[in-house]
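Inspection log for the structure reproduced underneath, given as structure tokens.
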Amino acid sequence: MTATSYASPVIRGEKMKISLLFSALFPFFLVAAGVSRALAISGDKSAAGKSLVGESWENLSIAISYALMARAMLQSFARD
């Protein structure tokens, strides 16, 4: 016996858009984190605890959440 779950096409479409957005933008954030580390002063130990991938993933998540909040706010203003 297998368990399956059904998601409506709208929810699946939204998940697909977010997945595509993450996969398209992740290399840019990875390069940006690498460049910032390469240019950082060697005495700066603030980013030493995080991995490069973890730091870029965190920054990407923050950027996408801000973009989604801005989109929702613009859509709410358009309804008024």
**Q.** Inter-site label distance for VAL35 and PHE77 at 7 Å from Cα along Cβ, in nm
**A.** 2.9 nm
Q: Please work out how much length the chain gains when fully extended from LYS17 to ILE62, using 0.36 nm per residue of separation minus the C-alpha to C-alpha distance, in nm with one decimal.
A: 14.6 nm
Q: Order these peptides, 66-75, 25-34, by their mean beta-carbon neighbour count within 10 angstrom, highest first.
A: 25-34, 66-75
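The numbers here are math on the coordinates, done by the rules we state, and not lab data. All figures in this text were calculated on a predicted structure; none of them were measured in a lab. Cβ: placed from backbone, ideal geometry, glycine included. Neighbour counts: every protein chain shown.
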